[in-house]
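Worksheet: the structure to be examined is printed underneath.
Computed from the coordinates by the stated procedures, all read-outs in this text should not be read as laboratory data. Worth saying up front: this structure is predicted, and the values here are computed from it rather than measured. Every residue, glycine as well, gets a Cβ built from its backbone with ideal geometry; the counts of neighbours run over all protein chains shown.
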Amino acid sequence: MFRYNNFWNQLFVVNEQDTVEIEILPQQENQINIYLGDDINLGDINNDSIVNVLDVILVINFILQTNNPTLSEFWAADLNQDNLINIQDIILIIQSILEQ
């Protein structure tokens, strides 16, 4: 299981090179994803416009922590948008591949 952020610091991607970190002290847990720039296609981790077994392998590597995802890779890999990358996301990617 890989968790990208905690609930006190939020990362906002301005563009591919710039990320802004903003400290938020909420009274309750809130999650807002703000995308600026290119669209992120859920399941297409390597951004090749095809969801396939290569994307599944990347997610497995993120879970095993052999690779760390970039912010856009994390958002593309978190299919159920629970702020975690885990086996549930792999299952959703495989289901999406089988439905093609």
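Listed values, structure above:
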| read-out | value |
| --- | --- |
| Order of Phe62, Phe74 under a 10 Å beta carbon neighbour criterion, fewest first | Phe74, Phe62 |
| Sequence of Asp44, Asp89 once ranked by neighbouring C-beta atoms within 10 Å, starting from the fewest | Asp44, Asp89 |
| Normalised alpha carbon radius of gyration of the stretch 42-100 [divisor 2.2 N^0.38 Å] | 0.96 |
| Net charge, Glu99 excluded, C-beta distance under 15 Å - Lys, Arg +1, Asp, Glu -1 | -2 |
